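What follows is a single structure, written as structure tokens, with notes after it.
The values are calculated or read from the model by the stated rules, or taken from the named source; none is laboratory data. Bear in mind the structure is a predicted one, so any value in this text is a computation, not a measurement. Ideal geometry is used to build each Cβ from the backbone, glycine not excepted, and the neighbour counts take in all protein chains shown.
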Amino acid sequence: MQCLTLIRSAEINGRGVVLSLVKSHLHTNNEIQYLTTALSPARLKSCIESEGLALKVTYFDGYSDAGGWKNIASCVHLQGPLEQIFSIGSPKESKKPVVVIDKIDDVSNHQDSLNLIRSLHKISADENVEQLIVYASADCMQENLMSSLCQIASATIHLQPAVPYRCKIVLKKPSGKVLQSYEEFNLGPDLTVQDNRTVEVEKHQAGETNDADAILAVQTTFNLTLTEDQRKSKNMLLLPHTRVQSSGGQIHYTPDDVDDWDEEDPDDDLDI
Amino acid sequence: MFDSIKNALEGGGVRIADGGSFLISESATSSASGLVSHFLSFGVADNRHVCFVSLQHTWGHYCNIGSKFGVNLRQQAAEGKVKVIEGLKLMSEVLKNDFQEADHPFSFILEPSEQPLRNLYHVIRRTVEPWRENDERFVLVIDGVSSLLNLGVLSSQIEIFVNYCRTLIEGNNNSDYLGVLVIVTKSCGKDEDASLIINSLAQCCVVHMSLEALSTGFSREIHGNLRFIFNHTSPHHALPDVQLFQYKMEDKNIKLFAPGTSASVL
């Protein structure tokens, strides 16, 4: 997949998964170009090197002077187009670089969302890039930017706060088919993915709280929701007018003593 | 320095002396002044330089709070151990048009700028730079970054400013921290910008201390909830550790206890 987006929230730190992806690429002898905005390259390097990873990683420092306030030439300024930061060109060897952006929400503070998405699209569509890995925080970005990011990604991993790791994976195939699955896994001491398994998760258990009923239930003391048994009873109830319409009805009228009963149609004079 | 706060932090494996970024969020009905005094008194007691940027209250307010907790901040400032950057005073200079510097830290109030907090950062940097050059440890406290939202500063610009302040506490060899950065901000669920700031800053700090008033009202024995959210730097720890305490502000102390164990209950 060309563009892989890893989305975290405030309740879970997904950097371990990012480093696991980096490590798996290093094992296949790919070159990594890593743009870091939240940790200094030295601190990130100590994090990667402590896991015994190979040193085929080129770091771009988007942390120390992201806005150009200190005029440090060796640092990357995040106001310009992202594709101009990385060294992407005709690969001298057969291996194309893997580009990692950690974290994209820090980059979005420095430039317009439209330009940012355009840059990401260019990098992911570049034939000289093996893969683009984007690490994002869902609750630190505007919703429109997050949705655009998910749109251009060919695979999105939404991390959920759970132990072991639980994530929702959305995979877009080249044929246009979209696959969605929930998976659980652990990270081993060497950051390799272990005990990977697919889980069946109900929609409400997956933490998707956008359901209007759930929102209403939280906001009022009245019980506006139905249990499963109540829903079944409600569906089985036959309303009186429904019963009559299906089986036919009769009108029973008992005239009083003072009624002048005759067989004439009272509506006969109407031109209906 | 309050032993209860120190013990709560060390219980989560965090020592203030090791440095790093600390985030304190307060609500409209709970004040972080006690915790601010804790960090200021830590810096003084540990013989560190202290740089205090006050954006929300006057320096006199913090001195009064500190004196209630037994810390004489005025004397510390007079002796040069605490350097104070009074945001309210600087803002009033701009509003009265009583400044000559082109790089006044709050000149953006009258003249819009694409990078409004750049000058404020440089003022802070010039204050701590002599300490950094001599490898001397220091404490940098910035109280009330969310107040900048009221001046028209965007949340993204505040995040950039705080990230730059984080670079000031990095050690020269980048493997340890030379300083302690304490950021205080307001928490409000209905304010999207304030929530964005907290969500962003909470992810890059060592500890997020969240002060909330009791949801059911006021109590004589309990003044609010204090939640410690410890973020691990190791890539193997994905979930932060959360510890919830209830607190009571006393004369010269902050008392912490587990929920449900206050004097009024026991």
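Number of residues in the range B:105-139 that are part of a loop (DSSP other than H, G, I, E, B), surrounded by fewer than 19 Cβ atoms within 10 Å (Cβ to Cβ) and away from every other protein chain (no Cβ under 11 Å) equals 7.
Restricting A:V129, A:V107, A:V98, A:V134 to residues that are of a type in the set (V, I, T) and touching a His at 6+ places or on another chain (Cβ under 6 Å) narrows the list to A:V98. The set of residues from the range B:175-200 being of a type outside the set (G, A, S), within 27 Å of A:S9 (Cα to Cα) and crowded, with 17+ Cβ neighbours inside 10 Å comprises B:Y177, B:V180, B:L181, B:V182, B:I183, B:V184, B:T185, B:K186, B:L196, B:I197, B:I198, B:N199.
Conditions tested, residue by residue: (1) at pLDDT 85 or above; (2) closer than 15 Å to A:D102 by Cβ.
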position: A:I32; (1), (2): yes, yes
position: A:T37; (1), (2): yes, yes
position: A:S40; (1), (2): yes, yes
position: A:R43; (1), (2): no, yes
position: A:E49; (1), (2): no, no
position: A:T58; (1), (2): yes, yes
position: A:G67; (1), (2): yes, no
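A count restricted to the range A:21-38 and to residues that are crowded, with 22+ Cβ neighbours inside 10 Å and at the interface with another protein chain (Cβ under 10 Å from one of its Cβ atoms) stands at 1.
Considering only the range A:137-166, state which residues are in contact with a Lys or Arg (Cβ under 6 Å, 6 or more places away or on another chain) and either modelled with pLDDT under 90 or within 14 Å of chain B (Cβ to nearest Cβ) (or both).
Restricting attention to the range A:137-166, the residues satisfying the condition of being in contact with a Lys or Arg (Cβ under 6 Å, 6 or more places away or on another chain) are A:137, A:154, A:158-160.
Listed by number, the residues that qualify are A:S137, A:H158, A:L159, A:Q160.
State whether the residues of the range A:110-119 include one that is farther than 16 Å from A:L35 by Cα and modelled with pLDDT under 90. No, the range A:110-119 contains no residue that is farther than 16 Å from A:L35 by Cα and modelled with pLDDT under 90.
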